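Engineer: What follows is a single structure, and I will ask about it in a moment.
The values are calculated or read from the model by the stated rules, or taken from the named source; none is laboratory data. The structure displayed is predicted, hence computed values, not measured ones. Glycine gets a Cβ as well: all are built from the backbone with ideal geometry, and neighbour counts include every protein chain shown.
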């Protein structure tokens with residue numbers, strides 16, 4: 001293991017960003033994790049203080065820093081509300097990469113990231129096998145939400161209510177697509193993302209249905225890889241770079257006006273994190289930047305660039321929809337109006353829930369490592385959904401869909417969890 005002084009030297013490059021924090025406490029007021037624990041080390045101000053201490057060689061516990069730094073949802077609420085404009089997400093992601101370089105990846109993460117995610121064919125094969133045999137190990141608990149739980153007590157799965165793998169993934173339902181621009185005059189590349197492909201293919205089908213009805217050409221290449229957000233948040237910059245290069249090769253093979261995705265995390269990653277954190281072949285950077293500039297969340301693309309007409313609400317309470325803002329859309333990209341525009345265009349009653357923009361508690365790997373905390377934050381979201389009186393909660397992020405399904409499945413309130421594009425596609429019948 002490298003000397004602690006070498007680790008501290010690596011952190012010095014973050015000094016300029018760390019000193020921008022005024023310790024004002026605004027992050028404390030908005031952090032969903034601090035709201036549950038009340039621990040200073042769980043809030044951004046405390047984490048930045050620890051990093052600053054390490055950089056100055058005042059801290060002799062890098063393992064403790066690593067653990068504290070990973071107790072974070074990376075929801076971006078602190079950054080979005082920081083009066084000093086501290087780029088918190090950049091600091092945390094850089095720090096995680098430095099610490100991962102120091103400690104190395106765990107054997108489990110190395111197997112998942114470098115053995116599976118970096119090999120899309122193997123990843124697809126393993127998930128297809130999992131889909132075939134999952135019934136042996138799981139049982140349905142809620143037909144309305146499509147949630148299951150484990151038949152046997154197992155690590156990681158715990159007492160979760162989870163969405164099963166799709167019987168048939170999107171890639172096998174649609175195959176490759178390469179259609180020209182139609183009456184809409186636009187052509188898009190379609191990046192479904194791993195969760196939509198393997199768990200929510202109906203979301204991908206809804207996107208394709210809408211684009212076809214709008215006369216938008218679609219380029220959907222086979223062999224797409226993960227966007228890289230799981231590996232980047234774990235500090236694995238090597239795999240992150242390789243995933244970018246795989247996807248870039250696919251999407252630079254054709255011309256299109258925009259790249260669209262129904263996954264908020266994928267949108268933010270391709271648009272903002274690919275250009276900022278890619279550390280490979282410098283000659284590829286202009287193409288990465290160009291692709292990021294073309295990238296749009298599907299709700300943003302449809303509401304801003306395709307004709308959408310709002311309808312008078314039905315006024316039927318049993319038909320009402322509420323909306324949860326995914327952190328990567330609201331905090332990272334400032335997208336809040338467009339999903340609501342599409343919901344209102346369905347003609348169904350829209351009800352704004354309390355704390356619609358507060359994190360649902362998923363946080364990707366945070367949900368795996370700190371499930372009890374994730375569940376406490378998620379239950380607050382579920383309380384607000386139920387209190388809204390809506391019979392459907394919509395969102396624009398597959399990970400948020402999974403988290404809300406888990407929380408609502410335990411309550412038996414008859415509330416559906418849907419992606420915004422599913423609801424909009426149904427209204428176009």
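Engineer: Quick one: would you say residue 125 is within 20 Å of residue 221 (Cβ to Cβ) and free of Cβ contacts under 8 Å to residues at least 24 places away in the same chain?
Structural biologist: Working: within 20 Å of residue 221 (Cβ to Cβ): yes; free of Cβ contacts under 8 Å to residues at least 24 places away in the same chain: yes.
Taking the combined requirement at face value, the residue satisfies it.
Engineer: Suppose the filter is touching a helix residue (DSSP H, G or I) at 6+ places or on another chain (Cβ under 6 Å) and more than 17 Å from residue 397 (Cβ to Cβ); does residue 183 pass it? I'd like the intermediate steps shown before the answer.
Structural biologist: Details: touching a helix residue (DSSP H, G or I) at 6+ places or on another chain (Cβ under 6 Å): no; more than 17 Å from residue 397 (Cβ to Cβ): yes.
No, not satisfied.
Yes/no matrix, rows are residues, columns are (1) surrounded by 17 or more Cβ atoms within 10 Å (Cβ to Cβ); (2) touching a residue at least 60 places away in the same chain (Cβ under 8 Å); (3) closer than 22 Å to residue 334 by Cα:
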position	(1), (2), (3)
15	no, no, no
25	no, no, no
32	yes, yes, yes
40	no, no, no
47	yes, no, no
53	yes, no, no
63	no, no, no
77	yes, yes, yes
81	no, no, yes
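Engineer: Output the residue which, of all residues in the range 146-158 that are outside any loop (DSSP other than H, G, I, E, B) and under 14 Å from residue 199 (Cβ atoms), is nearest to the chain's Cα centre (by Cα).
Structural biologist: Of the residues in the range 146-158, the ones outside any loop (DSSP other than H, G, I, E, B) are 147-150.
Then keep just the ones that are under 14 Å from residue 199 (Cβ atoms); that gives 147-148.
On the way: 147: 20, 148: 21 Å.
This residue is 147.
Engineer: Tell me the residue from 220, 232, 211 that is within 20 Å of the chain's Cα centre (by Cα) and either in contact (Cβ under 8 Å) with a residue 40 or more places away in the chain or closer than 25 Å to residue 394 by Cα (or both), please.
Structural biologist: From the options 220, 232, 211, the qualifying one is 232.
Engineer: Here's another thing I want to ask about it. Could you list, in sequence order, the residues of the range 395-429 that are surrounded by fewer than 19 Cβ atoms within 10 Å (Cβ to Cβ) and either under 21 Å from residue 365 (Cα atoms) or free of Cβ contacts under 8 Å to residues at least 12 places away in the same chain (or both)?
Structural biologist: Matches in the range 395-429: 429 only.
Engineer: Consider residue 206 carefully, then state whether it is in a loop (DSSP other than H, G, I, E, B) and either crowded, with 22+ Cβ neighbours inside 10 Å or within 19 Å of the chain's Cα centre (by Cα) (or both).
Structural biologist: Working: in a loop (DSSP other than H, G, I, E, B): no; either crowded, with 22+ Cβ neighbours inside 10 Å or within 19 Å of the chain's Cα centre (by Cα) (or both): yes.
No, not satisfied.
Engineer: Can you name every residue in the range 135-156 that is loosely packed, with under 15 Cβ neighbours inside 10 Å and over 25 Å from residue 206 (Cα atoms)?
Structural biologist: 135, 136, 137, 139, 151, 152, 153, 154, 155, 156
Engineer: Can you give me the number of residues within the range 26-57 that are touching a helix residue (DSSP H, G or I) at 6+ places or on another chain (Cβ under 8 Å), at pLDDT 85 or above and not in a helix (DSSP H, G or I)?
Structural biologist: Total meeting the criteria: 3.
Engineer: For the structure I just gave you, tell me whether residue 92 is under 22 Å from the mean Cα position of the chain (by Cα) and modelled with pLDDT of 90 or more. Talk me through it step by step, then tell me what you get.
Structural biologist: On the way: under 22 Å from the mean Cα position of the chain (by Cα): yes; modelled with pLDDT of 90 or more: no.
Here the answer is no, as residue 92 does not meet what is asked.
Engineer: I need a count of the residues in the range 332-365 that are under 12 Å from the mean Cα position of the chain (by Cα) and in a helix (DSSP H, G or I).
Structural biologist: Keep residues of the range 332-365 that are under 12 Å from the mean Cα position of the chain (by Cα), which gives 332, 359-365.
Add one more test, that the residue is in a helix (DSSP H, G or I), and what stays is 332, 365.
Final tally of qualifying residues: 2.
Engineer: In addition: Looking only at the range 175-198, which residues are assigned to a strand (DSSP E or B) and surrounded by 18 or more Cβ atoms within 10 Å (Cβ to Cβ)? Give the steps one after another, and end with the answer.
Structural biologist: Taking the range 175-198 as the starting set, the residues that turn out to be assigned to a strand (DSSP E or B) are 177-178, 187-190.
Within the range 175-198, 187, 188, 189, 190 meet the criteria.
Engineer: While we're on this one: In the range 291-320, which residues are exposed (fewer than 13 other Cβ atoms within 10 Å of the Cβ) and at pLDDT 95 or above?
Structural biologist: Passing the criteria: only 293.
Engineer: What tally of residues in the range 356-394 results from selecting those that are within 22 Å of residue 346 (Cα to Cα), crowded, with 22+ Cβ neighbours inside 10 Å and in contact with a helix residue (DSSP H, G or I) (Cβ under 6 Å, 6 or more places away or on another chain)?
Structural biologist: So the answer is 2.
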